[in-house]
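Novice: The structure under discussion is supplied below as structure tokens; questions concerning it will follow.
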Amino acid sequence: MQALKSEEMSRLQLVEREEIDEEEDLFEAIDKLTAHGINAGDVKKLQDAGIYTCNGLMMHTKKNLTGIKGLSEAKVDKICEAAEKLVNYGYITGSDALLKRKAVVKITTGSQALDELLGGGIETMQITEAFGEFRCGKTQLAHTLCVSTQLPTSMKGGNGKVAYIDTEGTFRPDRIVPIAERFGMDPGAVLDNIIYARAYTYEHQYNLLLGLAAKMAEEPFRLLIVDSVIALFRVDFTGRGELADRQQKLAQMLSRLTKIAEEFNVAVYMTNQVIADPGGGVFISDPKKPAGGHVLAHAATVRLMFRKGKGEQRVCKVFDAPNLPESEAIFQITGGGIADAKD
């Protein structure tokens, strides 16, 4: 992409206010409950537990809510009744559902071929998973999305901030600089709009997600990256004896990611590792499958399989998606991030 004109560049540094104001309707802040007779102290208890919106509150079971210190069953019933007055969680018509889908933002990957494969880019309100061997472009796409998410929506961006949870120590802020320059953006401003955390245990990873709700309720985030989602679970749980426990904890974290995506209208992009599939048989040339089993398979809305191509070329195949055909796209890793492959 060519460098943008100077007036466009200055426009990129400002998050357009009117767009954010329109989005206020997407979620109701939890402190609005005080107007419906809920004690401010109880609202504070909900916020301390990582619940910042009425929409987020309705995504929790009453059993979960009574587990919060200081909230009795009677209080939880009263809180849920008040929240239901603010948020409609019943049936809606198909037409209303279609209208709701208009809030979905598609963020460019930097490659036109890859965007076309994905129906326009990485979507908000869903989890997109990329799996494949090392050096196949998963983290490179994460770095490119860190920048393209901050582009205005008129330029196929998300016009918002980025949260990056790194479990393998692969985030490189210096890599963001040439990608920002390629899109004609100020690298310093781009880096300031990325919040980054390094996770060392699966519990730390989950707690980072809980803390994110406070930030997303206050500022316009449009992307959450988890690179990689499974790494710490493979380290912290070992052997078949711990597999059931691991999958249960993994399911809880993936459920949290799904709620974040829908509650705050953000795109969740997570990378995943592959494992050897001994049952793949001799007729399969590359018997590998994504880690995480069925729990992870059901959580991801779109699953992308990455593999190496010639030189710096990489191939992305739609492995599973509710609305995309199973086809492939070839892209390239460049100094300025993910781009279209040269013939």
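Novice: Specify the residue with the greatest mean-square fluctuation among Gly293, Gly90, Gly56, computed from a Gaussian network of the chain linking alpha-carbon atoms under 10 Å apart.
Specialist: Of the options given, Gly90 has the highest mean-square fluctuation.
Novice: Projecting each Cα onto the charge dipole of the range 101-340 (Lys/Arg +1, Asp/Glu -1 at the beta carbon, about the Cα centre), which of Ile330, Leu223, Tyr202 comes out farthest on the positive side?
Specialist: Ile330
Novice: Would you work out what percent of the accessible area of the chain, with all protein chains in place, is carbon or sulfur (probe 1.4 Å)?
Specialist: On the way: 8860 of 16780 Å².
Whole-percent figure for carbon plus sulfur exposure: 53.
Novice: Follow-up question, since we're still on this one. Give the long-range amide H neighbours of Asp320: residues separated by 5 or more places, or on another chain, with amide H under 5 Å away, using H modelled in the peptide plane at 1.01 Å from N.
Specialist: When sequence neighbours closer than 5 places are left aside, the close amide H contacts are Arg303.
Novice: Which value results when the Cα radius of gyration for the chain is divided by 2.2 N^0.38 Å? Write down the numbers at each step before the final one.
Specialist: On the way: Rg = 20.8 Å, N = 343, 2.2 N^0.38 = 20.2 Å.
Here the Cα radius of gyration is 1.03 times the empirical estimate.
Novice: Helix-derived [θ] at 222 nm for the chain: sum -39500 (n - 2.57) over DSSP H runs of at least 4, divide by residue count, nearest 500? Show your work: numbers first, answer last.
Specialist: Values: 15 runs with 139 residues, N = 343.
Theoretical 222 nm ellipticity from helices: -11500 deg cm²/dmol.
Novice: State, as an integer percentage, the relative contact order of the range 101-340 based on alpha-carbon contacts under 8 Å between residues 6 or more apart.
Specialist: 30
Novice: Could you work out the local net charge near Arg135, counting Lys and Arg as +1, Asp and Glu as -1, over the other residues with Cβ closer than 12 Å to its Cβ? Before the final figure, lay out each step's value.
Specialist: On the way: positive: Lys138, Arg307, Lys308, Arg314; negative: Glu133, Glu312.
Summing Lys and Arg as +1 and Asp and Glu as -1 gives +2.
Novice: What net charge do the residues around Leu232 carry, taking every other residue with its C-beta under 13 Å from that of Leu232, with Lys and Arg at +1 and Asp and Glu at -1?
Specialist: Details: positive: Arg198, Arg234, Arg246, Lys249; negative: Asp166, Glu168, Glu203, Asp227, Asp236.
Result for the local shell: -1.
Novice: While we're looking at this one, here's another question. Heavy-atom accessible area per residue, the chain, 1.4 Å probe: how many Å²?
Specialist: Working: 16780 Å² over 343 residues.
It amounts to 49 Å² per residue over the chain.
Novice: Quick one: which residues, 5+ away or cross-chain, put their amide H under 5 Å from the amide H of Ile275? H built at 1.01 Å from N.
Specialist: Lys289, Ala291
Novice: Name the most mobile residue of Ile68, Ile79, Ile107, meaning the one with the largest mean-square fluctuation, in a Gaussian network model of the chain with Cα contacts below 10 Å.
Specialist: Ile68
Novice: Work through the residues other than Gly90 whose Cβ is under 12 Å from its Cβ and net out their charges, Lys, Arg +1 and Asp, Glu -1. If you can, show how the numbers build up before the last one.
Specialist: Values: positive: none; negative: Glu84, Asp96.
Around Gly90, the surrounding residues sum to -2.
Novice: Also, I was wondering about something else. I want to verify a result. In a Gaussian network model of the chain, Cα cutoff 10 Å, which of these has the top mean-square fluctuation: Tyr206, Tyr269, Tyr89?
Specialist: Comparing Tyr206, Tyr269, Tyr89 in the GNM, the peak value goes to Tyr89.
Novice: Hey, if you put +1 on the Cβ of every Lys and Arg and -1 on every Asp and Glu Cβ in the chain, which of Met155, Leu33, Val295 ends up farthest toward the positive end of that dipole?
Specialist: Result: Val295.
Novice: How large is ³J(HN,Hα), in whole Hz, for each residue of the range 103-119 in order, when computed from phi with the Karplus curve 6.51 cos²θ - 1.76 cosθ + 1.60 and θ = phi - 60°, using x for Gly and Pro?
Specialist: 6, 5, 10, 10, 9, 5, 8, x, 10, 5, 4, 5, 4, 5, 4, 8, x
Novice: Could you give me the ³J(HN,Hα) list for the range 162-171, computed from phi with Karplus coefficients 6.51, -1.76, 1.60 and θ = phi - 60°, whole Hz, x at Gly and Pro?
Specialist: 10, 10, 10, 9, 10, 9, 10, x, 9, 6
Novice: FRET efficiency for Glu219 and Leu243, Cβ-Cβ distance as r, R0 = 45 Å, nearest 0.05? Write down the numbers at each step before the final one.
Specialist: On the way: r = 38 Å, r/R0 = 0.85.
It comes to 0.75.
The values are calculated or read from the model by the stated rules, or taken from the named source; none is laboratory data. Everything quoted here is computed from the prediction, not taken from an experiment. Neighbour counts are summed over all protein chains in view; Cβ atoms, including those assigned to glycine, are modelled from backbone coordinates with ideal geometry. We work out accessible area using only protein heavy atoms, side chains counted, and drop any ligands, DNA or RNA first. Shrake-Rupley method; radii C 1.70, N 1.55, O 1.52, S 1.80 Å.
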